[in-house]
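The values are calculated or read from the model by the stated rules, or taken from the named source; none is laboratory data. Only a predicted model underlies this, so the values are computations on that prediction, with no experimental measurement involved. With ideal geometry, Cβ positions are generated from the backbone for all residues, glycine too; neighbour counts draw on all protein chains shown.
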Amino acid sequence: MAVALDSNILIDVLGQRTEHTPHAVEALNAALSRGALIICPIVAAETSLYFTSASEAQDLFKRMQVRLSDFTWPDLHLAGKIFLEYRKLSAKPRHRVVADFLVAAHAFHHAEELITRDRGFYRHYFPKLKITHVGPPEA
């Protein structure tokens, strides 16, 4: 089994400590017991600002047991198809870019679960993808 990670979870760990950091660390540790941790190229790119070089990123992700998993044609097709649906159905589309759809489509095809801080977008557009929401308990 593979567990896909969204950028926001890794940013919570790699970036400045916030209220989300302990929850992200706990989620990553728990996910390791469920399977291989994977990221798609979009997540790698979105987290690249935390590293001085590609080799530094590669080394840290290897130590974290996070593997980079390439896109396939089905991932790209699904992301484009659902992005088009989003644009057609939204009266006032938010400024989402296709990257969000690529992360979810990749997780849909390559993992059993996506760990994210997103509360509703992925569930709405990818209802068959298991979403694990990470964050502080709601008040």
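Spot the failing condition for Ile82; the list is (1) in contact (Cβ under 8 Å) with a residue 24 or more places away in the chain; (2) closer than 19 Å to Leu5 by Cα, and only one is missed.
(2)
Could you say whether any residue in region 19-26 is buried (at least 16 other Cβ atoms within 10 Å of the Cβ), hydrophobic (A, V, I, L, M, F, W, C) and in a helix (DSSP H, G or I)?
Scanning region 19-26 turns up at least one residue that is buried (at least 16 other Cβ atoms within 10 Å of the Cβ), hydrophobic (A, V, I, L, M, F, W, C) and in a helix (DSSP H, G or I).
Does region 61-74 contain at least one residue that is farther than 26 Å from Gly15 by Cα and touching a residue at least 40 places away in the same chain (Cβ under 8 Å)?
No, region 61-74 has no match at all.
Would you be able to say whether some residue in region 3-12 is exposed (fewer than 15 other Cβ atoms within 10 Å of the Cβ) and either in contact with an Asp or Glu (Cβ under 9 Å, 6 or more places away or on another chain) or at pLDDT 95 or above (or both)?
Looking through region 3-12, none of the residues is exposed (fewer than 15 other Cβ atoms within 10 Å of the Cβ) and either in contact with an Asp or Glu (Cβ under 9 Å, 6 or more places away or on another chain) or at pLDDT 95 or above (or both).
For the structure I just gave you, tell me whether Thr116 is touching an Asp or Glu at 6+ places or on another chain (Cβ under 9 Å) and either of a type in the set (S, T, N, Q) or without any contact (Cβ under 8 Å) to a residue 12 or more places away in the chain (or both).
yes
Would you pick out the residues in region 34-47 that are modelled with pLDDT of 95 or more and either exposed (fewer than 14 other Cβ atoms within 10 Å of the Cβ) or in a loop (DSSP other than H, G, I, E, B) (or both)?
Selection gives Cys40, Ala45, Thr47.
What tally of residues in region 28-40 results from selecting those that are in contact with a Leu (Cβ under 9 Å, 6 or more places away or on another chain) and either small (Gly, Ala, Ser) or touching a residue at least 40 places away in the same chain (Cβ under 8 Å) (or both)?
4
Using beta carbons and a limit of 6 Å, which pairs, at least six apart or on different chains, have the first residue in region 9-22 and in contact (Cβ under 8 Å) with a residue 24 or more places away in the chain and the second one small (Gly, Ala, Ser) and in a loop (DSSP other than H, G, I, E, B)?
Every condition considered, the pairs that remain are His20/Gly135.
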